[in-house]
Structure formats: C-alpha cells, structure tokens
Amino acid sequence: GEDVEQSLFLSVREGDSSVINCTYTDSSSTYLYWYKQEPGAGLQLLTYIFSNMDMKQDQRLTVLLNKKDKHLSLRIADTQTGDSAIYFCADQPLKAGSYQLTFGKGTKLSVIP
Amino acid sequence: DARVTQTPRHKVTEMGQEVTMRCQPILGHNTVFWYRQTMMQGLELLAYFRNRAPLDDSGMPKDRFSAEMPDATLATLKIQPSEPRDSAVYFCASGLFGNSPLHFGNGTRLTVT
C-alpha cells in the first residue's frame, strides 16, 4: 500500500532556514501537500504542488519535488518561533474514484529563540 | 474565511456510552472525510463520503462505529459503545472532488474513561 515517511523531529535556530523532508511510495500521486498543525488545532493547509512541477515558492515557503526519487521537501526561510508546529506531508494517489490523502506521521519543528 | 466546523471540541465519557461527533463541511464541498489522530498511529482515514454517499469506510471498526451524512451540511460519526482505546482526536475534512486540497476542522478530542 501507499506509504509516506518523514523524520519525526527537527530543531533549528530562529532566523535559520528549516528543511523538512518527506518520501512517498505511490508513483501515481497527483498532488502532494504540506499541512501545519499547532497544539490543540486542526491541520492547516500550507501549500501543495502538482506532480508535474518540480518547485513551488510561496513567500517564505519553498517546496521541491523530485518525482524520480519520490522525495518532497519543504523549506521555510527565516524560521520564526511561530513556525514551531508539526508539519505533515501527504500525497494524493491517482485512483479511479479516490480522492483521499495518505499522511506521514509528521515532523515536529522546534524553533530555538 | 470558510471553514469546517466540528462539535463538540472536547468530549469526556465513560466506557460503554454512545458518542456522536458532528461536522459541518464548507458550503459547496462535495466530499467529506473522517480521520482519527493518535500518537501511535498518526492520522488514519476512517470514512469518506462523496455527494453524501459513503465511498470508503474500510478504516472504521464496523461493529461500533457508524458514519452518516443526513444532508449536505452535516456529517456525523457515532461510536456505540465507546471504549478507552477510542480516545483520540477525530478530524473532519471537506473538499471539492477532483483536484482541490482538503480543509480540516479543529477536531473533537475524545477521552473515554
């Protein structure tokens, strides 16, 4: 079945860049997503990339997709303490009638002031 | 901002009691998902509806869980009887079938004692 893997923890200093990595197994994935979860809250959609793209930039966020290696990364420039949260990678495989997302277990980002 | 609304936010109940969680999807969205989040398992898909019809509930324990959409503005997830192992955060998400991302509610934190 599909699998999405992420490292569980990342710690960076305020002002540095953070890079969160994700690998997925389903080569039919159409969209790949990054969600952010703050304590006690739901999942907030941060950004997403279509599988025919290799990069997407949105303000401080840069998403890189290596489809050959099935590797997705999220770079946060000038990381702030407010970026401390759990970041989930998710893929959306292309299957007839299917629309569901498969999530990784999340990467907890800790930002040191 | 349109958002997915879930009630209640928190529920504490005793083992054996019935629990009903409610979700109001974003107006116009035709797909609704129920996910369960635990520390051990991460985010698990429980059920998936499109145009109010259940398409996939294979992730749901059928003997005690049931999911319905009485109308396009309400989705319910019921557990009867509840057990301590059901303690988790239950998220509802909605989207427009095809190529739009899922939007999540803030979840219902369920504690079964």
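Values quoted throughout were computed directly from the atomic coordinates according to the rules given, and no laboratory measurement underlies them. Note that the structure is a prediction, hence the values are computed from the model and not measured. Virtual Cβ from ideal backbone geometry, glycine too; neighbours counted across all protein chains shown.
Of note:
- Based on alpha carbons, the Rg and Dmax found for segment B:1-59 are 13.3, 38 Å.
- When the Cα positions of A:Tyr35, A:Cys22, B:Phe33 are compared along the charge dipole of the protein assembly as shown, B:Phe33 comes out farthest toward the positive end, with charges on each C-beta of Lys, Arg, Asp and Glu.
- Here the label points at B:Arg85 and A:Lys56, each 7 Å from Cα along the C-beta direction, are separated by 3.8 nm in the simple model.
- Where GluC sites (Glu not before Pro) fall in DSSP loop in segment B:1-84, at most 15 other Cβ within 10 Å: B:Glu14, B:Glu18
- Computed on chain B, with alpha-carbon pairs under 8 angstrom and 6+ residues apart, the relative contact order is 37 percent.
- Computed over segment A:17-101, the range of Cα coordinates on each principal axis works out to 41, 27, 19 Å, biggest value leading.
- Chain A: most fluctuating residue of A:Ala77, A:Ala85, A:Ala41 per GNM, C-alpha cutoff 10 Å: A:Ala41
- Long-range lysine pairs (8 or more apart or interchain), chain A, Cα under 24 Å: 18
- 10 Å Cβ neighbours from other chains, averaged over peptide B:101-111: 4
- Integer Hz, Karplus 6.51/-1.76/1.60 couplings in order for segment B:64-74, x for Gly and Pro: 10, 9, 9, 10, 9, 10, x, 8, 5, 9, 8
- Estimated dipole of chain A in Debye, rounded to 20 [Cβ of Lys and Arg +1, of Asp and Glu -1, Cα centre]: 100
- More than 25 angstrom apart: percent of Cα pairs within the protein assembly as shown: 41
- Exposed trypsin sites (Lys or Arg not before Pro) absent: longest stretch of chain B, with sites in DSSP loops and at most 16 other Cβ within 10 Å deemed exposed: B:65-113
- Among B:Cys92, A:Cys22, sorting on how many other beta-carbon atoms sit within 10 Å of each Cβ, with the fewest leading, yields A:Cys22, B:Cys92.
- Note on segment B:33-58 and segment A:54-103: Cα centroid distance 21 Å, given to the nearest whole angstrom.
- The share of alpha-carbon pairs in chain B lying farther apart than 25 Å comes to 15%.
- The reciprocal of the average 1/r between distinct C-alpha atoms defines the Kirkwood hydrodynamic radius, which for segment B:43-94 equals 11.8 Å.
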